[in-house]
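Asks: Starting off with a structure, shown below.
Bear in mind these aren't lab numbers, they're just calculated from the coordinates by the rules spelled out. Note that the coordinates shown come from a computational prediction; the quantities given were computed from them, not determined experimentally. Quick reminder, even Gly has a Cβ in these numbers, built from the backbone with ideal geometry, and neighbours come from all protein chains shown.
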Amino acid sequence: MDSMAKTGTTTQGLRAAIERSGYYPTLVAEAVQAAVGGEPVVSYLVHQETTFDANEVRRHVTVLVLTGTRFIVSHTDEQAADATSPSPYATTSTESVKLGRISSVVLSRVVANPESYTPGQLPREVVLTIGWGAVARLDLEPAACGDPNCEADHGYTGSSTADDLSLRVSEAGDGPDSVRETLTFAQALSEATAATTTS
């Protein structure tokens, strides 16, 4: 994947971040490079999660890349040997989304001791949620009227939420640099999507 290292400092930083994650870096980098193609990388975020499933430890890495025209998501998971495979294996998927399709970029910040918050203070935790219409969550509940004695069926009420990707990063679990990088990526993506709606 030498082409990734030659295209510029942001792209070199992406490759270095994938290498630092230590999670099958050659496999992950190749998948990301294939999705990015020849476009320059504007911003990126590499996030690794470790989960415990019964007696197994499983790792998952998510790579988010912003180019001038697209938002790219790459997921890589490792799986233990099972009935379909006699040896452990990894699954890598990438999705490329045109910036104009992104409908929402939500950044939730958790700040400790808000009464003493100072501008620029790093949140304790951030959750980045990005929606582009591939997945929507529908929350329904029975509708009711104001009459406590009413037994009529008023149907259902609810809300639809775009929830294609949600990424939680905490200072305690991932370190302050990861929180800072998430904030930087979220701002770059928000600015890019705003620019596509005004142009």
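Asks: Using θ = phi - 60° and the Karplus curve 6.51 cos²θ - 1.76 cosθ + 1.60, what whole-Hz ³J(HN,Hα) does each residue of the stretch 37-45 get, with Gly and Pro shown as x?
Replies: x, x, 6, x, 8, 8, 7, 7, 8
Asks: Based on the Cβ-Cβ distance of Thr69 and Arg109, what FRET efficiency does E = 1/(1 + (r/R0)^6) give at R0 = 22 Å, to the nearest 0.05?
Replies: That gives a FRET efficiency of 0.20.
Asks: Quick check: residue separation of Thr10 and Ser116 times 0.36 nm, minus the Cα distance between them. What number comes out in nm?
Replies: 34.7 nm
Asks: If packing is taken as the average count of other Cβ atoms within 10 Å, what order do 111-122, 92-103, 31-42 fall into, highest mean first?
Replies: 31-42, 92-103, 111-122
Asks: Please give the contour-minus-distance gain from Arg58 to Glu19: 0.36 nm per residue of separation, less the Cα-Cα distance, rounded to one decimal in nm.
Replies: Here the answer is 12.2 nm.
Asks: For Tyr89 paired with Asp177, estimate the spin-label separation in nm (one decimal), with each label point 7 Å from Cα along the Cα-to-Cβ line.
Replies: Here the answer is 3.4 nm between the modelled labels.
Asks: Taking only Cα atoms of the stretch 40-103, what ratio of Rg to Rh do you get with Rh as the Kirkwood inverse-distance radius?
Replies: A ratio of 1.12.
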